[in-house]
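The values are calculated or read from the model by the stated rules, or taken from the named source; none is laboratory data. Quantities reported herein were computed from a predicted structural model and do not represent experimental measurements. Here the Cβ positions follow ideal geometry from the backbone for every residue, glycine too, while neighbour counts run over all protein chains shown.
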Amino acid sequence: MLFFIVTHSDAQLGVMKMVGKNTSNYSFGIGAYVKGIFSVSQSSDVTVELGANIFFLNDGGSGDGTVIIPLKAGYRYSLNGTGLGFYVEPQIGYNIYGVTSTYVDGNTENLKFHGLVFAANTGYLFLIGNTPLDLNLRYETVVDHGGSDNYVSLGLSFYLHFGKRDNE
Amino acid sequence: MIRQLFIFFLMVIFLSSCLKQSIADAMIADQDPGAKGVATLTYQINGNTVTTTVNGPDDQTSTDYQLICSKDPYMGTNLFVYGLDCLSTSGELTFTFGTSIAVGHYSYLGSYGDMFVLNYNGQAEYVHDPADSISFNITSSSNGHISGNFSGILTPMIVAGNPNNTYGTPGSVLITNGSFKNVPVFSW
């Protein structure tokens, strides 16, 4: 049923970096997502996104880092009203699964969490040939246990079409 | 309307990202709420007692601290070393545990080479003589805090002139009854 109402979807691989206090031990991470896109108008889409983000931690332990799997809903607004070009996309959601595996007092501890997710996403939608692409920059924060994990990502996504816009 | 909503959303993100700790750090702190109380380090140097007490030790920073165990990168490697550092009214005391702060015994012997340990009223005390040593026992290491005890036999440095330092009577500085409690472990 979902495939009849999702006009298209996309998938992405991106580079991420944890930012904020006590994140200097994190090296670059990688993130991927699949996103369902429901067209509301020529300039607006409602989006649902399932992601998986992995951040590697070099703190002297082995196999350490953070994994975050957020499920988010968003509203994507194309600034020029065409469905291409620059857009902004606020997102809100829930972290389905999160774990930080960190070196504490000589031992590796796995700290599991969930929490609310907020993201501010902006990007540029464009075509190369007939292939729609989305170059985007995102700031995302996960809030749980009175703390937050914050990260930025830069990614390029490609579209998987299930339907077409009216003017296509 | 969309613009106002987006600005409001950005404010929510900004405020949430201003939370003081990462989720992992907050969870570690939650595991032992009482650990935020007081950190202490005390020892006797030739019978004179030196005591340092820090209220709210978890609130110390890299530029403003008195008693911490810091985790720092080890030159040119992916390893990190843990070091205790105490700044008291009489001077500084420092000791490097190594790559672990698990419960156990840690010592530095005179045969390893000269090493600064503490400064007491303007005089630096070193592990220098082959019979010198400084030993730490970590008796508790959990929830980002360590506790334990220590003792040592040191040699005073009379005149600093590296590499030709002038030392006093070997083994003339005795560190006894040393203990530390609830010292927070920081990674800057």
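Would you call residue A:53 polar (S, T, N, Q) and modelled with pLDDT under 90? Against the criterion (polar (S, T, N, Q) and modelled with pLDDT under 90), residue A:53 does not qualify. Looking across the stretch A:44-66, the residues that are more than 10 Å from every other protein chain (Cβ to nearest Cβ) and either within 30 Å of residue B:75 (Cβ to Cβ) or polar (S, T, N, Q) (or both) come down to A:47, A:53, A:54, A:55, A:56, A:62, A:63, A:64, A:65.
Any residue in the stretch A:128-137 that is closer than 25 Å to residue A:102 by Cα, touching a Leu at 6+ places or on another chain (Cβ under 8 Å) and of a type in the set (A, V, I, L, M)?
no
Residue under question is residue A:116, and the condition is that it be modelled with pLDDT of 90 or more, in contact with a strand residue (DSSP E or B) (Cβ under 7 Å, 6 or more places away or on another chain) and away from every other protein chain (no Cβ under 11 Å); does it hold? No, not satisfied. Screening the stretch B:121-140 for residues that are surrounded by fewer than 24 Cβ atoms within 10 Å (Cβ to Cβ) and under 17 Å from the mean Cα position of the chain (by Cα) and picking the one that is farthest from residue B:49 (Cα to Cα) gives B:140. In the stretch A:75-103, the residues that are more than 9 Å from chain B (Cβ to nearest Cβ) and over 22 Å from residue A:50 (Cβ atoms) reach residues that are surrounded by 15 or more Cβ atoms within 10 Å (Cβ to Cβ) and aliphatic (A, V, I, L, M) with C-beta atoms within less than 6 angstrom, at least six apart or across chains, in these pairs: A:84/A:125. The set of residues from the stretch B:118-166 being outside any strand (DSSP E or B), among the small types (Gly, Ala, Ser), modelled with pLDDT under 95 and touching a strand residue (DSSP E or B) at 6+ places or on another chain (Cβ under 8 Å) comprises B:122, B:144, B:160. If you go through the stretch A:127-156 and keep only what is surrounded by fewer than 22 Cβ atoms within 10 Å (Cβ to Cβ), over 17 Å from residue A:15 (Cα atoms) and not acidic (Asp, Glu), you end up with A:127, A:128, A:129, A:130, A:131, A:132, A:145, A:146. Only one of the numbered conditions (1) more than 21 Å from residue A:144 (Cβ to Cβ); (2) within 12 Å of the chain's Cα centre (by Cα) is not met by residue A:72, and that is (1).
Do we have any residue at all in the stretch A:4-15 that's among the aromatic types (Phe, Trp, Tyr) and at pLDDT 90 or above? Looking for residues that are among the aromatic types (Phe, Trp, Tyr) and at pLDDT 90 or above, one finds none in the stretch A:4-15, hence no. The criterion of being on the phi > 0 side of the Ramachandran plot and surrounded by 17 or more Cβ atoms within 10 Å (Cβ to Cβ) does not hold for residue B:110. Among the residues making up the stretch B:141-162, those that are more than 14 Å from chain A (Cβ to nearest Cβ) and within 15 Å of the chain's Cα centre (by Cα) are B:149, B:150.
Here is a check on your reading of the model: is residue A:68 in contact (Cβ under 8 Å) with a residue 60 or more places away in the chain and either crowded, with 21+ Cβ neighbours inside 10 Å or within 26 Å of residue B:12 (Cβ to Cβ) (or both)? Yes: the conditions hold for residue A:68.
Of the residues making up the stretch A:79-91, those that are in a strand (DSSP E or B) and either under 17 Å from residue A:139 (Cα atoms) or modelled with pLDDT under 90 (or both) number 6.
Does the stretch B:98-108 contain at least one residue that is closer than 22 Å to residue B:187 by Cβ and free of Cβ contacts under 8 Å to residues at least 24 places away in the same chain? Yes, the stretch B:98-108 has at least one match. Applying the criterion of being small (Gly, Ala, Ser) and not in a strand (DSSP E or B) to the residues of the stretch A:56-78, the residue that is modelled with the highest pLDDT is A:60.
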